[in-house]
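Have a look at the structure below before the remarks.
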Ligand code: HEM
Ligand SMILES: [Cu+2]
């Protein structure tokens, strides 16, 4: 909302949410660490941390939404938010880059080396004599036992269609918001996060199938490691994205946003496209090739 | 650089602005003010500097003589590991972020940082993260002891401390990424009209590039340590050959972060030095634009040199050559910088106040560190030097009389601006001379130790290394003591002293000198005009 335009930048008043967030993060991290160390209180401390963080986000975003709706933010603030969100997404890109980097490294370097490629003849001969390099693999020690890989052309292909469709529906919603067609906006935004949650549900089913029918687990050597870490972090991002879309949907239902000014919507749309692109790479390199 | 004309920067207030700081603890907990947050960052960094310093004293005390006398070897390893983690993530990085917070909005004519609440959160994550990290020292099995580089499989032997270490690093990463995003956005979006990119002070430029490096590599570190965690607790085999992974892969991931990280620590230092030398040479910075391009090239190159830390690990010969030459290439833009600093001084009307003394020492001693870096970059030579005290000498030269001296120079340079009082020049000079003499006594002999073959990260050593170690330890204690004087000078200045003028120095350039000393709570509510 651009009620005020001026040279003065809006410097927000102090807020208790950041320090609440720090306390929440602290208890979440201590809780998680203790949980991993099998301390009885760990799980509870972790959940307390999650609760505090959720409260913090609701409160903090609530403040920002109220300020935005009251017209406190000018164009320059809007631009700060845009830039901030773009750089945040860039940091997320780099986070996924680490895991894709690991995937390419094991596929192109470490697995062939274990099989004797390059100057690693003796590595293979002396340590892993019967090992033939191939992908997918759970390594020369057959870590995690025999397993089957996930076929790309079942559920994963359907999931690809679902995410691509959701990318289209959110674009329709974006056009609708710009044209002021609120009914179309509400419907297509709803469709978008419904597809998002459907994706997450199917992904959950796929994990169930992998663990129970294929004996494909996180511990299935480096194939299982990369498979579950990449799809897992992606799935977490889809979940968060779908929740954010839901929040935006509640806001559009309440009449928030203007045709020319709807940064909250756009930020989530960018994020959604980002998880979409990650999925495409993932589908190609993790499931397919 | 720019001529500055300021209109009425203090008399306009938006209705929403707080007119002054809140009272008591709330001011610090809830603040959105870049100066308050900058101050907190700087104080936090000083506390961490002392904590990490105390650990260094333990290390030097143990190494004073050959043999094991003071601490258990396991504890010694915890000290080296924690010392590095605290100095890198707790002392140097927060100090430069604190300086950025204080100075960048002022230098570009902005009222505050672009995202002030996030700014608060960036800071307030840190005390919690370091509480978590430090708490590992009293856990069963002690803190992490596998080195700050956390190589598997060694680091997998850490006991209950491992997840605490990893999650503490995650928190530091979250804090740095948010801080960096804030700085980029502030610089790109908050400049006063007329402050074009190539009019920005160099400190702003170097921080812009540093922030980009931070956003690019901190997530990679986060990914790497997450893999360590899942390898340990969830049965993944990223770093385990039995499952098809490779422990060396961790080193690649770590150093893909790690080498840009060393530039994250030094680029802001370059910026500070580029502010100070012109002031005390009474000349504009020589080669301003080439400084900008040199900084950008260093940042670019820093992404393609990481494996110079891994020459001895086993790498195809083509890889060795590539990383050797790309590393050496960094010396070119670095040389441009050193050349420009010296040319700035050439025929300047120089005076030698404490900030200038620290800057001069920086130019000289940082360059020594750069030279030893070049020696290490020669792959076949590095086979000899790697994991010896020569490496320790190298990185301490670039980090202590490099990054840390630049931070101190910056603190002396801007302290009168921040507090409104001049610091005690005599004590400042005493602090400078003590630091400079002792830092060389401390680290110079380590070159010889390394060349003679003394390995790093060991609590005991062969008697042939005894003399140089004793000298080094004496330097260490002296350097440690000198820093107490620094704290005294800073506190004394904050409490009072000769009033500083708005300009503080003779003819300094930059918007910060157009504000009062200390500046108003909100720097530029209305943008100044830059012609
Ligand atoms: C001309 C510039 C530089 C070159 C050519 C260079 C080269 C190198 C090389 C080859 C190593 C690996 C040595 C080994 O482990 O065998 C190394 C280590 C290191 N360098 Fe530099 N360096 C340069 C500048 C810097 C700067 C500016 C910093 C920090 C401000 C820095 C910090 C470090 C650190 C911390 C390590 C050791 C990391 C560890 O193993 O714990 N270097 N450097
Ligand atoms: Cu390096």
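The values are calculated or read from the model by the stated rules, or taken from the named source; none is laboratory data. Note that the structure is predicted; figures quoted are calculated from it, not measured. Methodologically, a virtual Cβ is constructed for each residue, glycine included, from the backbone with ideal geometry; neighbour enumeration extends over all protein chains shown.
If you go through the range B:198-214 one residue at a time, do you hit one that is more than 7 Å from chain A (Cβ to nearest Cβ), in contact with a strand residue (DSSP E or B) (Cβ under 9 Å, 6 or more places away or on another chain) and in a helix (DSSP H, G or I)?
Here is the first cut: in the range B:198-214, the ones more than 7 Å from chain A (Cβ to nearest Cβ) are B:198-214.
Pick out the ones that are also in contact with a strand residue (DSSP E or B) (Cβ under 9 Å, 6 or more places away or on another chain) and you get B:199.
When the remaining residues are screened for being in a helix (DSSP H, G or I), the result is B:199.
Scanning the range B:198-214, I find at least one residue that is more than 7 Å from chain A (Cβ to nearest Cβ), in contact with a strand residue (DSSP E or B) (Cβ under 9 Å, 6 or more places away or on another chain) and in a helix (DSSP H, G or I), so the answer is yes.
Among (1) more than 10 Å from chain B (Cβ to nearest Cβ); (2) buried (at least 20 other Cβ atoms within 10 Å of the Cβ); (3) part of a helix (DSSP H, G or I), which single condition is residue A:73 missing?
With (1) more than 10 Å from chain B (Cβ to nearest Cβ); (2) buried (at least 20 other Cβ atoms within 10 Å of the Cβ); (3) part of a helix (DSSP H, G or I) applied to residue A:73, the lone miss is (3).
Picking from A:197, A:233, A:193, A:227, which residue would you name as being more than 14 Å from chain B (Cβ to nearest Cβ), touching a residue at least 24 places away in the same chain (Cβ under 8 Å), more than 25 Å from residue A:64 (Cα to Cα) and part of a helix (DSSP H, G or I)? Write out each step before concluding.
Numbers: A:233 fails: more than 14 Å from chain B (Cβ to nearest Cβ); A:193 fails: more than 25 Å from residue A:64 (Cα to Cα); A:227 fails: more than 14 Å from chain B (Cβ to nearest Cβ).
Testing whether each residue is more than 14 Å from chain B (Cβ to nearest Cβ), touching a residue at least 24 places away in the same chain (Cβ under 8 Å), more than 25 Å from residue A:64 (Cα to Cα) and part of a helix (DSSP H, G or I) leaves just A:197.
Given the options B:399, B:374, name the one that is in contact (Cβ under 8 Å) with a residue 12 or more places away in the chain, within 13 Å of ligand 2 (Cβ to nearest atom), away from chain A (no Cβ under 14 Å) and under 27 Å from residue B:425 (Cβ atoms).
Going through B:399, B:374 in turn, just one is in contact (Cβ under 8 Å) with a residue 12 or more places away in the chain, within 13 Å of ligand 2 (Cβ to nearest atom), away from chain A (no Cβ under 14 Å) and under 27 Å from residue B:425 (Cβ atoms): B:399.
How about the range A:252-265: which of its residues are crowded, with 18+ Cβ neighbours inside 10 Å and outside any loop (DSSP other than H, G, I, E, B)?
Passing the criteria: A:252, A:264, A:265.
Spot the failing condition for residue B:379; the list is (1) in contact with a helix residue (DSSP H, G or I) (Cβ under 9 Å, 6 or more places away or on another chain); (2) more than 22 Å from residue B:405 (Cα to Cα); (3) without any contact (Cβ under 8 Å) to a residue 24 or more places away in the chain, and only one is missed.
Tallying (1) in contact with a helix residue (DSSP H, G or I) (Cβ under 9 Å, 6 or more places away or on another chain); (2) more than 22 Å from residue B:405 (Cα to Cα); (3) without any contact (Cβ under 8 Å) to a residue 24 or more places away in the chain, residue B:379 fails exactly one: (3).
Can you pull out every residue in the range A:26-41 that is surrounded by 21 or more Cβ atoms within 10 Å (Cβ to Cβ) and either touching a strand residue (DSSP E or B) at 6+ places or on another chain (Cβ under 9 Å) or at the interface with chain B (Cβ under 7 Å from one of its Cβ atoms) (or both)?
Those that are surrounded by 21 or more Cβ atoms within 10 Å (Cβ to Cβ) and either touching a strand residue (DSSP E or B) at 6+ places or on another chain (Cβ under 9 Å) or at the interface with chain B (Cβ under 7 Å from one of its Cβ atoms) (or both): A:26, A:29, A:30, A:32, A:33.
For residues that are under 17 Å from residue B:261 (Cα atoms), touching a residue at least 60 places away in the same chain (Cβ under 8 Å) and away from ligand 1 (no atom under 12 Å from the Cβ), tally how many sit in the range B:304-333.
0
Quick check on the range A:46-62. Is at least one of its residues surrounded by fewer than 17 Cβ atoms within 10 Å (Cβ to Cβ) and within 9 Å of chain B (Cβ to nearest Cβ)?
No, the conditions are met nowhere in the range A:46-62.
Tally up the residues in the range B:295-331 that are part of a helix (DSSP H, G or I) and away from ligand 2 (no atom under 16 Å from the Cβ), please.
So the answer is 5.
For the range A:148-172, give me each residue that is over 21 Å from the mean Cα position of the chain (by Cα) and closer than 26 Å to residue A:189 by Cβ.
Of everything in the range A:148-172, just one residue is over 21 Å from the mean Cα position of the chain (by Cα) and closer than 26 Å to residue A:189 by Cβ, namely A:172.
From (1) within 30 Å of residue B:202 (Cβ to Cβ); (2) assigned to a helix (DSSP H, G or I), pick out the condition that doesn't hold for residue B:476.
So residue B:476 meets the others, but not (1).
Got a number for residues in the range A:220-241 being closer than 17 Å to residue A:57 by Cα and surrounded by 23 or more Cβ atoms within 10 Å (Cβ to Cβ)?
Within the range A:220-241, residues that are closer than 17 Å to residue A:57 by Cα and surrounded by 23 or more Cβ atoms within 10 Å (Cβ to Cβ) number 1.
Could you check the range A:136-182 and list, in sequence order, the residues that are surrounded by 15 or more Cβ atoms within 10 Å (Cβ to Cβ) and within 14 Å of chain B (Cβ to nearest Cβ)?
Within the range A:136-182, A:136, A:137, A:138, A:139, A:140, A:141, A:142, A:143, A:144, A:147, A:149 qualify.
Restricting attention to the range B:241-251, does a residue exist that is farther than 21 Å from residue A:114 by Cβ and within 14 Å of ligand 1 (Cβ to nearest atom)?
no
Among the residues of the range B:231-240, count how many are facing chain A (nearest Cβ under 7 Å) and buried (at least 22 other Cβ atoms within 10 Å of the Cβ).
Of the residues in that region, 3 qualify.
Going through B:268, B:260, B:284, B:247 one at a time, which residue ends up being more than 9 Å from chain A (Cβ to nearest Cβ), more than 16 Å from ligand 2 (Cβ to nearest atom) and within 19 Å of the chain's Cα centre (by Cα)?
B:268
Out of curiosity, is residue B:355 within 10 Å of ligand 1 (Cβ to nearest atom) and either more than 28 Å from residue A:110 (Cβ to Cβ) or without any contact (Cβ under 8 Å) to a residue 60 or more places away in the chain (or both)?
Values: within 10 Å of ligand 1 (Cβ to nearest atom): no; either more than 28 Å from residue A:110 (Cβ to Cβ) or without any contact (Cβ under 8 Å) to a residue 60 or more places away in the chain (or both): yes.
No; evaluated as a whole, the condition is false for this residue.
Has the range B:516-528 got at least one residue that is assigned to a helix (DSSP H, G or I) and out of contact with any helix residue (DSSP H, G or I) (no Cβ under 8 Å at 6 or more places or on another chain)?
No: the range B:516-528 contains no residue that is assigned to a helix (DSSP H, G or I) and out of contact with any helix residue (DSSP H, G or I) (no Cβ under 8 Å at 6 or more places or on another chain).
Residues are listed down the side, and each one gets a yes or a no for (1) within 8 Å of ligand 1 (Cβ to nearest atom); (2) in a helix (DSSP H, G or I); (3) surrounded by 15 or more Cβ atoms within 10 Å (Cβ to Cβ):
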residue: B:335; (1), (2), (3): no, yes, no
residue: B:361; (1), (2), (3): no, yes, yes
residue: B:366; (1), (2), (3): yes, yes, yes
residue: B:374; (1), (2), (3): yes, yes, yes
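Given the conditions (1) part of a helix (DSSP H, G or I); (2) touching a helix residue (DSSP H, G or I) at 6+ places or on another chain (Cβ under 6 Å); (3) loosely packed, with under 15 Cβ neighbours inside 10 Å, report the number of the one that residue A:125 does not fulfil.
That leaves (2) as the condition not met.
Considering B:166, B:177, which residue is in contact (Cβ under 8 Å) with a residue 24 or more places away in the chain and more than 30 Å from residue B:313 (Cα to Cα)?
Only one candidate passes the filter, namely B:177.
Could you check the range B:39-60 and list, in sequence order, the residues that are more than 16 Å from ligand 1 (Cβ to nearest atom), touching a helix residue (DSSP H, G or I) at 6+ places or on another chain (Cβ under 7 Å) and under 16 Å from residue B:439 (Cα atoms)?
Hits for the range B:39-60 are B:53, B:57, B:60.
Residues B:450, B:410: which one is modelled with pLDDT of 95 or more, within 25 Å of residue B:261 (Cβ to Cβ), assigned to a helix (DSSP H, G or I) and touching a strand residue (DSSP E or B) at 6+ places or on another chain (Cβ under 6 Å)?
Unique residue meeting the criteria: B:450.
Examine the range B:377-389 for a residue that is within 21 Å of residue B:49 (Cα to Cα), within 15 Å of ligand 1 (Cβ to nearest atom) and assigned to a helix (DSSP H, G or I), and state whether such a residue exists.
Checked against the condition, which is being within 21 Å of residue B:49 (Cα to Cα), within 15 Å of ligand 1 (Cβ to nearest atom) and assigned to a helix (DSSP H, G or I), the range B:377-389 yields no hits at all.
Being assigned to a loop (DSSP other than H, G, I, E, B), out of contact with any strand residue (DSSP E or B) (no Cβ under 6 Å at 6 or more places or on another chain) and within 11 Å of chain A (Cβ to nearest Cβ) narrows it down to one of B:132, B:118, B:113, so name that one.
Every option except B:113 fails the conditions.
Would it be correct to say that residue B:77 is in contact (Cβ under 8 Å) with a residue 60 or more places away in the chain and within 14 Å of chain A (Cβ to nearest Cβ)?
Judged against the criteria, residue B:77 is not a match.
I'd like to know if the range B:159-175 contains one or more residues that are closer than 28 Å to residue B:419 by Cβ and at pLDDT 95 or above.
yes
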